[in-house]
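Written below as C-alpha cells is the structure these notes are about.
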C-alpha cells in the first residue's frame with residue numbers, strides 16, 4: 001500500500017490536468033480503497049483551482065470527503081468560489097458559517113478570498129474582520145478597499161484607505177480602479193497624482209487603472225504622459241492588457257490613428273484588444289473601420305463575445321448597413337450567443353433604424369425578460385419609424401408591467417409625440433417626469449418639447465420654454481425652433497435665431513446655410529449675398545455632402561468632389577452622362593430652393 005501511495009503522489013506532480021482526469025483519479029482512489037485518505041482529496045481539490053473554470057459542484061463533493069478539513073483547505077474552496085460567478089449568491093458566506101460551526105478559525109488569507117467573491121456583500125464580512133482582529137492587516141485592508149469600491153461604497157472604501165498606515169501601490173490602485181468604475185474619473189486621476197507625490201513606485205496595473213479615467217475625461221495629455229513615462233519601451237508589444245488600455249484611452253480621446261498604431265504594434269491580440277479597437281473605432285465615428293477590424297478578427301479565428309457583437313451592431317446601425325446587421329443577427333443565432341440587455345437593445349435599434357420595424361418587434365417579443373432598456377429601445381424604434389401611436393401604446397404597456405421609465409425612455413416618447421403631433425400628451429408626459437418619477441428634464445428633453453411645440457405652431461410657448469430653462473439652451477435647441485419658424489413662415493423670429501446662431505458658432509457652416517435658406521425662401525437675395533459674403537470673410541466653407549450605400553454587404557461611402565473611391569472615374573463618367581441627359585429635359589426649378597452665388601449665378605441649396 002505504501003508503494004501505491006508513493007506512485008499516486010507522483011501522479012499529482014504531472015501538469016495539464018483536465019476535469020475528466022480529476023474524475024478518473026477520483027475513481028482510482030475509490031477503487032483502491034483510499035476514499036478516506038484526506039491527503040489525496042485535498043490534492044484533487046487544489047488541482048480544481050488550475051482548471052479554466054472552477055467546477056463548484058465537483059469541488060464540493062471532493063470537499064465533503066475530507067475529514068476535518070484544515071483552514072488552508074477551506075481557503076481553497078473560498079478561492080474557487082471567488083473566481084466563479086455561477087455559484088449561488090452568498091454561497092461563500094454560507095461556507096464560512098459552516099466553517100465556523102466546525103470550530104475552524106479564519107486566518108489572514110481567508111477574508112481577502114471572501115471579499116473577492118462575486119455577489120458577496122462586504123457589510124456581512126466586515127464585522128468578522130473586526131472580530132478576529134485582521135482590520136490592521138494591509139492585505140485585508142486593500143481587499144476591503146477594492147470590495148467596497150466595486151460594490152459602489154466609494155466613501156467607505158476611502159475611509160478604509162485613509163486608515164492604512166503604509167499605503168502601497170496595491171492600496172492606491174484598488175481605490176483608483178474603484179473611482180473609475182463608479183464614474184468618478186477626476187477623483188481617480190487626482191489619487192494617481194497623490195500616489196506619485198507620496199513617492200509610491202507605480203506599476204503597470206496602476207497605469208492601466210489610470211488610463212481608463214484619462215480616456216473618460218478625454219485628457220489625452222495625461223494619457224500620453226502615462227504612456228511615455230510609466231510604460232517600459234516594448235512593454236505594449238508584450239502586454240496585451242496595457243495595449244488594450246492604451247487603445248481604449250486614445251480612442252475615447254478621439255485620437256483614432258494613435259489607437260490604431262498601438263493596436264497594430266501588438267504582436268499578440270486577444271478578444272479584449274480586438275473588442276477595444278472595434279469599440280474605439282465606433283467611438284471615433286469610424287464605423288467602416290470598425291467593421292473592417294471585425295472582419296479581420298473573424299479571419300484570425302477569434303470568437304466575438306456579447307460586447308464585441310454589440311459594438312459591431314452599433315456600427316452597422318450608424319452606417320445603415322442592414323445586410324451586415326442581419327449577418328450579425330444570424331451569427332448570434334447560429335452560435336447560440338446569449339442575449340444580454342446591451343446586445344438585445346443594439347439588435348432592436350439596428351432593425352428599427354434600418355427601417356425593419358417588424359423584425360425589431362419580433363426580436364422584442366421573443367425576449368423572455370424585458371427591462372426598461374429593452375422597452376426604451378422599442379419605444380425609440382417606433383418613434384424613429386414615425387409610429388407615434390404605437391410608441392405611446394408601448395409606453396403605457398411598459399407602465400402596466402410595473403417598469404419604471406428612465407430619462408432615455410422619456411426622450412423616446414417625447415420624440416414620438418413631436419413627430420406625431422401629440423401636443424397635449426407631450427405636455428402631460430413632460431410634467432410627469434418631475435412630478436411623478438422625480439426625473440429632472442435635461443437638454444434633450446427640453447429639445448424634444450421645443451420641437452414638439454414648434455412643429456405644432458406654438459412658437460411663443462416654445463420661446464417661453466427656452467427662456468424658462470434652468471440651464472443654458474444649446475444651439476441644437478435654437479436650431480429646432482428655427483426649423484419650426486421655417487415651417488410656419490415666422491421669418492422675423494427665424495432671422496433673429498439664425499443671426500444668433502452665427503454669433504455663437506461663427507465657424508459652423510451649417511448655421512450660415514440655415515440663414516441663407518431662410519432669406520432664399522423670402523426671396524431676399526441681398527440677404528443671401530450678405531450671408532455668402534460673411535462666410536467668405538470668416539473663411540468658412542460649406543461642409544461637403546456625404547452619403548453611404550450598402551451593396552452586397554459592403555458599405556460604399558461617397559463624398560462630394562472626392563476622387564478617392566476605387567471606381568471614381570467610372571462613377572463620374574456615369575454622372576456626366578446623367579447631367580448631359582438632364583440638360584436635354586425641360587426642368588422648372590423651385591425658386592425657393594435657389595441660392596445666389598458670389599458670381600451672380602443661382603445654385604440649389
I need two numbers for the stretch 271-312: Rg to one decimal and Dmax as a whole number, Cα atoms only, in Å. 8.9, 26
Ranking 317, 341 by Cβ neighbours within 10 Å, fewest first, what do you get? 341, 317
The simple spin-label model distance between residue 71 and residue 299, using points 7 Å out along Cα→Cβ, in nm, is 5.7 nm
Cα centroid of the stretch 192-262 to Cα centroid of the stretch 129-178, whole Å: 24 Å
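Tell me, 444, 365, 349, 203 in order of fewest to most beta-carbon neighbours within 10 Å?
Details: 444 17, 365 9, 349 20, 203 12.
By the 10 Å Cβ count, ascending: 365, 203, 444, 349.
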Measuring from the lowest to the highest alpha carbon on each principal axis, how far does the stretch 388-446 reach, largest first, in angstroms? 27, 25, 17
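Among 287, 219, 225, 417, which comes first, then next, by fewest other beta-carbon atoms within 10 Å?
Details: 287 23, 219 18, 225 13, 417 29.
Fewest-to-most ranking of 287, 219, 225, 417: 225, 219, 287, 417.
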Show me, bin by bin at 10 Å from 0, the whole-percent P(r) of the stretch 110-217 based on Cα pairs. 16, 49, 29, 6, 0
How many angstrom lie between the Cα centre of the stretch 382-398 and the Cα centre of the stretch 503-521? 34 Å
Gain in span if fully extended, residue 199 to residue 569, counting 0.36 nm per residue against the direct Cα distance: 127.0 nm
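Read-outs: derived from the displayed coordinates by stated rules, not from any lab. Since the model is a prediction, treat every value here as computed from it, not as a measurement. In this analysis, Cβ positions are derived from the backbone assuming ideal geometry, glycine residues included, and neighbour counts consider all displayed protein chains.
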